[in-house]
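The values are calculated or read from the model by the stated rules, or taken from the named source; none is laboratory data. No experiment lies behind these values; they were computed from the predicted model shown. Because the Cβ atoms are built from the backbone with ideal geometry, glycine has one as well, and the counts that use them run over all protein chains shown.
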Amino acid sequence: MLSNSPFRRTPELTESVAKGVASGASRKRVGLALAGVLLLLWPAAASAQIYAWRDASGNLVLSDKAKDASARSYSLSPTLNTTVRTTKPLSKRAAQYQGLIEEHAGLNTVSVDLVRAVIQAESAFNPRAVSPKGAQGLMQLMPATAAEYGVSDAFNPSENIAAGVKYLKRLLDKYEGRVELALAAYNAGPGAVKKYGGKVPPYRETQNYVARIQGSTVPGPAGTTGSLPSRRPIYKTVQIVDGREVVRYTATPSPDAEVVKSAERR
């Protein structure tokens, strides 16, 4: 039905809207839902008219042409021409480290998205990765950096991420939240940034590294993707596992969690 149209129907959209109609949702609410989903799926420019109706089998059909007498129309405002970027689902490999990333990003007030993007660029979430220069693990810690942060096993995901995020936070503080410089220093070393007058070094690898990471993260407050506001609460929970206490940190509150004070985050 939509083969000659820039719009396409998806099972998720059909099911979502169908449930809304079946539950008695008003035409206005369905219209807003359709417009919102369509804007995410198709970055159509200028104004557009969307038509919706049900076929003989009861399936919801969407088109830019009214091909059924019962079709209802929904307008996309011509003022909404902002480009929308959606976030890809986490890969299985990335998802298994999400808890550690959230924990240590929260403790150091660093963007979760930024930490995840650095790990993707450094090791593609391979905890056994080793670079030709000797960097190790998920966040590719150099032996000297690992030793500085008390890492006994750089291939241990928990130790590696804890040290890597602390180092990244130190670089963000050093360059006053300028993410591109922190990333350049993480890749090429602070000495290289200093050598080129506090700018991203003209190394192709480093420039591609910075561009790739900044292109995959979501802008945070004041247009940065690095440090998060210190007022964001971090929660601590203590669980008993095999007879010993296990402390976990997260940005998500729970009934048995307590807020971590700023002084405890260091």
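Results, tabulated for the structure shown:
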{"quantity": "Which numbered condition residue 94 misses (of (1) under 21 Å from residue 161 (Cβ atoms); (2) at pLDDT 70 or above; (3) out of contact with any helix residue (DSSP H, G or I) (no Cβ under 7 Å at 6 or more places or on another chain))", "calculated": "(3)"}
{"quantity": "Scan of segment 187-210 for residues that are outside any loop (DSSP other than H, G, I, E, B) and touching a helix residue (DSSP H, G or I) at 6+ places or on another chain (Cβ under 6 Å), ordered by number", "calculated": "187, 188, 193, 206, 209, 210"}
{"quantity": "Candidates 217, 206, 250, filtered to the one that is surrounded by 15 or more Cβ atoms within 10 Å (Cβ to Cβ), in the same structural domain as residue 106 (by TED's automatic domain parsing) and at pLDDT below 90", "calculated": "217"}
{"quantity": "Members of segment 166-190 that are more than 17 Å from residue 207 (Cβ to Cβ), out of contact with any Pro (no Cβ under 9 Å at 6 or more places or on another chain) and not acidic (Asp, Glu)", "calculated": "166, 167, 168, 169, 170, 172, 177"}
{"quantity": "Any hit, segment 45-54, residues being at pLDDT 75 or above and either in a loop (DSSP other than H, G, I, E, B) or out of contact with any Pro (no Cβ under 9 Å at 6 or more places or on another chain) (or both)", "calculated": "yes"}
{"quantity": "Pairs with Cβ under 8 Å, 6+ apart, first in segment 87-115 and within 15 Å of residue 157 (Cα to Cα), second crowded, with 20+ Cβ neighbours inside 10 Å and among the polar types (S, T, N, Q)", "calculated": "105/111"}
